[in-house]
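Single-structure report; data block below.
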Amino acid sequence: MTGLPGSAPADLVFRAQRAWVDGAFRPAAIVVVDGRITDVLPVDATVDAVDERTVPDGQVLLPGLVDTHVHVNEPGRTEWEGFASATRAAALGGVTTIIDMPLNSIPATTTVDALAVKRASAEGRVAVDVGFWGGAVPDNAGSRGELHDAGVFGFKCFTAPSGVDEFPHLDGSQLREAIEEVASLDALLIVHAEDPEYLVGHDALGGRYEDFLVTRPVEAERSAIAQVIDGARATGARVHILHLSDAGAIPMIRAAKDDGVRITVETCPHYLSFEAGTIPDGATEYKCCPPIRDDDNRDALWAGVLDGTIDMVVSDHSPSTADLKVDDWGLAWGGIAGLQVGFRAVWTEAVRRGVALDRILPAFTTGPAALAGFTDRGVLAPGALAHFAVFDPSATAVIDVAGLAHRNPVSAFAGLEARGGVTETWLRGRSVASAEDGVTSVSGQLVTRPVLASATASASASAPASASASATETRL
Ligand SMILES: [Zn+2]
């Protein structure tokens, strides 16, 4: 055991009265060597370390958060967002790993060459670790194995128009074919699930939110999710439902899971924080697809997060320039910028609901880590990367969008009276950002899909105990 008396000193020991270890808060001393955690010891353990830190009273030590749903948009739409600005926002929000979505950048990440372009664009400019999803579009059917071999974490597809011309959606038969292809690759298909049969075509809609909401009814989500479940059930493919808005689909997903279908599901901070009845006229910073629904639906989404049916909460950070957020719900760009503040927003709502912090943490750590196949992120355990977020649960602040690090100062979370604050973020055992000093180091790495020890790691790894056990194994 490194760092103990009689051996070489550790690089760092991080002591906390409340460290999130094995799914609960406990006193611990986290020992770090070469950017990884080597030991989790009693908080007062004697450790020979070059550097020693103690989490301030009242604050908690968390593993760095994992956000598997971020649209960085670079290259091609760099005026919307970019690797430098997005990863700074992540670092300041306690997020130490992001996985970039394959669309809104140009090129879209649908070929090996496009992946190389994106990696070159990001290299050396990222403040946190960045991986890439590939895209499943009609044109790359049958050749997705090359992209999988190049290290993408899986394939994103749409069942309805994506909003950008260069990323066409799959029709029903193309979706089934994609599910069969990912099953043959033992890859992962992540799906924007809205059935266009149920979407109401429109141009301008005016400023009233309810006129937008009726164009994207719950039936659209339910129909598309049912198709994905059917395909996964028939083929054994591993599938994931992106940004669930309709809580009415939760029982169908739970039943599929109970049957052994390899399906996971995410929702987003905006669906847990907001409800349709309080969205102001013309406030299209709240526009996203599928849309934010009513208050009862929000309650049911919360129930799904707390009972574990919803595996993760990820940002779907999808910013644009301010000029695209016109005050007409039909014409405005659909996407919400929440990478830096999503965790705080959900914690704020959790406090309002009397939900303890440890109950929402799996959705921001082990849940998304398992989706991506990481066993050494999202946990404080021997073998895990020494990525940390120091969080003050009782801090309060009004979110000032101009003070956020993402490129364009537009966000549905602007003005939110938020609870909690990320005070410091660490990457590989080094402090890289703090509330006081901002981002102090740009030392993120580009990461590729880990080789899974077992094809069944997806669902079972979301339990904290098994995730930390797996992390120990990967150290060997
Ligand atoms: Zn998205």
Restricting to segment 169-184, count the residues that are over 17 Å from Gly236 (Cα atoms) and touching a Ser or Thr at 6+ places or on another chain (Cβ under 7 Å). 2
Please specify each residue of segment 247-283 satisfying the condition of being more than 16 Å from the ligand (Cβ to nearest atom), in a loop (DSSP other than H, G, I, E, B) and either on the phi < 0 side of the Ramachandran plot or without any contact (Cβ under 8 Å) to a residue 40 or more places away in the chain (or both). Asp259, Gly260, Val261, Arg262, Phe274, Glu275, Ile279, Pro280, Asp281, Ala283
Filter segment 95-108 down to residues that are under 29 Å from Ala386 (Cβ atoms) and in contact with a Lys or Arg (Cβ under 9 Å, 6 or more places away or on another chain) and give me whichever is nearest to the ligand (Cβ to nearest atom). Met101
Which residue, of Glu177, Glu197, Glu181, Glu146, is part of a helix (DSSP H, G or I), in contact (Cβ under 8 Å) with a residue 40 or more places away in the chain, away from the ligand (no atom under 16 Å from the Cβ) and more than 22 Å from the chain's Cα centre (by Cα)? Glu181
Do you know which residues across segment 396-428 are under 22 Å from Thr78 (Cβ atoms), free of Cβ contacts under 8 Å to residues at least 60 places away in the same chain and surrounded by 20 or more Cβ atoms within 10 Å (Cβ to Cβ)? none
Quick test of your reading of the structure: Val191 fulfils all but one of (1) more than 16 Å from the ligand (Cβ to nearest atom); (2) closer than 21 Å to Trp133 by Cα. Name the failing condition by number. (1)
So, first residue on the phi < 0 side of the Ramachandran plot in segment 38-57, second residue basic (Lys, Arg) and buried (at least 16 other Cβ atoms within 10 Å of the Cβ), Cβ within less than 6 Å, six or more apart or across chains; the pairs are Val43/Arg15; Thr54/Arg15
Residues satisfying the stated conditions in segment 50-89, i.e. assigned to a loop (DSSP other than H, G, I, E, B), more than 16 Å from the ligand (Cβ to nearest atom) and among the acidic types (Asp, Glu): Asp57, Glu79
Go through segment 284-296 and give me each residue that's within 16 Å of the ligand (Cβ to nearest atom), part of a loop (DSSP other than H, G, I, E, B) and either out of contact with any Ser or Thr (no Cβ under 9 Å at 6 or more places or on another chain) or under 22 Å from Phe364 (Cβ atoms) (or both). Lys287, Cys288, Pro290, Ile292
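Could you tell me whether any residue of segment 210-218 is within 16 Å of the ligand (Cβ to nearest atom), part of a helix (DSSP H, G or I), modelled with pLDDT of 95 or more and within 18 Å of Glu275 (Cα to Cα)?
Quick first cut of segment 210-218, residues within 16 Å of the ligand (Cβ to nearest atom) only: 216.
This time we only want the ones that are part of a helix (DSSP H, G or I), so: none.
Within segment 210-218, none of the residues are within 16 Å of the ligand (Cβ to nearest atom), part of a helix (DSSP H, G or I), modelled with pLDDT of 95 or more and within 18 Å of Glu275 (Cα to Cα).
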The condition of being among the hydroxyl-bearing types (Ser, Thr, Tyr) and either without any contact (Cβ under 8 Å) to a residue 40 or more places away in the chain or surrounded by fewer than 24 Cβ atoms within 10 Å (Cβ to Cβ) (or both) holds, among Thr375, Thr321, Thr366, only for Thr321
Residues Ala150, Ala136: which one is under 26 Å from Gly82 (Cα atoms), aliphatic (A, V, I, L, M) and in contact with a strand residue (DSSP E or B) (Cβ under 6 Å, 6 or more places away or on another chain)? Ala136
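The values are calculated or read from the model by the stated rules, or taken from the named source; none is laboratory data. Everything numeric here is computed off the predicted structure, so don't read it as measured data. Positions of Cβ are backbone-derived with ideal geometry, glycine not excepted, and every protein chain shown enters the neighbour counts.
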